[in-house]
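Scroll down for the structure; my scribbles are underneath it.
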Amino acid sequence: MSIPYGRQLVDDDDVRAVCDVLRSDWLTTGPAVARFEAAVGEFVGAKHAVAISSGTAALHAAMNAAEIGPGDEVIVPALTFVATSNAVLYSGGRPVFADVDREKLVIDPASVEAAVTSKTKAIVGVDYAGHPCDWDALSAIARKNGLVLIDDACHALGAEYKGRKIGTLADMTILSFHPVKHITTGEGGMVLSENPTFFDKVKRFRNHGIDTDQRQRAERGTYQYDMVELGFNYRISDIGCALGTSQLRKLPSWLAKRNAIARAYDEAFSGGPLVPLGRAPDVLHAFHLYVVRTGHRRDTLFRRLRAEGIGVNVHYLPVYLHSYYRRTLGTAPGLCPVAEAAYAEVLSLPMFAGMTDHDVERVADRVGRLSGEG
Ligand SMILES: *Cc1c(COP(=O)(O)O)cnc(C)c1O
């Protein structure tokens, strides 16, 4: 039996919650969507929440709300999933890549500061692996330059920075509910914000740019609607949201479980050749990923572990090294040396709430043994 690097955990309560919605009047744009938005908003302490069809759609909606368009630059970290930077392209803007911090691999504020130009309109921080960015430093840069600050927290639901939960640390916060993330809706995402203007824009963008949704028109007894801007069908179903609300109840125990797995790995690898990423003392890590540095033996280790059924993975090739980016933006190696060096040696180990103690021991044993070989 092989162990994947991440996997959803779905129990009977989740199945019941989904079945209840299937027998109800609303499969989409119904009350389960609003309930999920309220539940996540309450969990993180955010005023406004809009559930949307994916984390990628959430990023796109945030770029639209920030009014990113042709000629605008958005600073993004080099080391992230391509969706972070693709969202800038969807809006016609230009992603500008900042390097990451050597220890934690989150966006480096000094690199962000150096990348600001008169065309910069927004900064996106990614809480890589579930470790919060240096949000105080990023906020200061955003304030000083009048920029919109976006938190791509797709790895970090439940994480805390200096005692504050991820979700209110930027102008807009993005979540993903893909099955490998902390909680799932199948496919799904969310935009959190304290700002009512951003909230209204994201909500409208989710539904073709139309001013009301189907349920609002039913309640008001009208057939009329106005499309005020160009939006998309980025709606999420009640089926997915019922699953999400049921999953959210288990999130605190799952976060504790992820932290316990991380402690077990830390202990197993201490004194060995593998070096876990650094952590700031004033954060609660959400451990979407457990990443180790392997030195020059990464690819050998990757192959051997995969052959033994250990689902290790690599996060990420710096975005600008993908062929599409090289071809269209003319980017090349050398742009963000810290991210490139990290890419060459990082390995993500299996990390998910459903791991058994036996799974954790098996991974720790195989990784420990194989990393000791040449
Ligand atoms: C998962 C992820 C996304 C995209 O989320 P989807 O729900 O898969 O569209 C964006 N950014 C980061 C950092 C992610 O990990």
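The values are calculated or read from the model by the stated rules, or taken from the named source; none is laboratory data. For clarity, every value in this text was computed on a predicted model and none was experimentally measured. Please note: Cβ atoms are built from the backbone with ideal geometry, for glycine as well, and neighbour counts cover all protein chains shown. Ligands, DNA and RNA are stripped out before the accessible areas are found, and what is left, the full protein with its side chains, is counted by its heavy atoms. Shrake-Rupley method; radii C 1.70, N 1.55, O 1.52, S 1.80 Å.
Quick grid of which residues meet (1) of a type outside the set (Lys, Arg); (2) surrounded by fewer than 19 Cβ atoms within 10 Å (Cβ to Cβ):
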| site | (1), (2) |
| --- | --- |
| GLY271 | yes, yes |
| LEU277 | yes, no |
| ASP282 | yes, yes |
| ARG297 | no, yes |
| PHE302 | yes, yes |
| VAL319 | yes, no |
| SER323 | yes, yes |
| ARG326 | no, yes |
| LEU329 | yes, yes |
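For CYS154, the test of being in contact with a Leu (Cβ under 7 Å, 6 or more places away or on another chain) and assigned to a loop (DSSP other than H, G, I, E, B) is passed.
Residue by residue, here is whether (1) in a loop (DSSP other than H, G, I, E, B); (2) open to solvent by 10 Å² or more (accessible area, probe 1.4 Å); (3) within 12 Å of the ligand (Cβ to nearest atom) holds:
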site: GLY158; (1), (2), (3): yes, no, no
site: LEU169; (1), (2), (3): yes, yes, no
site: HIS178; (1), (2), (3): yes, yes, yes
site: LYS181; (1), (2), (3): yes, yes, yes
site: GLU187; (1), (2), (3): yes, yes, yes
site: LEU192; (1), (2), (3): no, no, no
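So that you can scan it fast, the table gives a plain yes or no per residue for (1) within 12 Å of the ligand (Cβ to nearest atom); (2) under 20 Å from CYS133 (Cα atoms); (3) touching a Gly at 6+ places or on another chain (Cβ under 8 Å):
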position: ALA61; (1), (2), (3): yes, no, no
position: ALA66; (1), (2), (3): no, no, no
position: PRO70; (1), (2), (3): no, no, yes
position: VAL74; (1), (2), (3): no, yes, yes
position: VAL82; (1), (2), (3): yes, yes, no
position: GLY92; (1), (2), (3): no, no, yes
position: ASP99; (1), (2), (3): no, yes, no
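Beta carbons closer than 9 Å, at least 6 apart along the sequence or on distinct chains, pair a first residue in the range 84-95 that is closer than 17 Å to LEU317 by Cβ with a second that is more than 12 Å from the ligand (Cβ to nearest atom) and of a type in the set (Asp, Glu) for PRO95/GLU73. For the range 22-67, the tally of residues that are surrounded by 15 or more Cβ atoms within 10 Å (Cβ to Cβ) and either in a helix (DSSP H, G or I) or under 20 Å from the mean Cα position of the chain (by Cα) (or both) stands at 32. When residues of the range 318-374 are filtered for being in a loop (DSSP other than H, G, I, E, B), touching a Phe, Trp or Tyr at 6+ places or on another chain (Cβ under 9 Å) and aliphatic (A, V, I, L, M), how many remain? Qualifying residue count for the region: 4.
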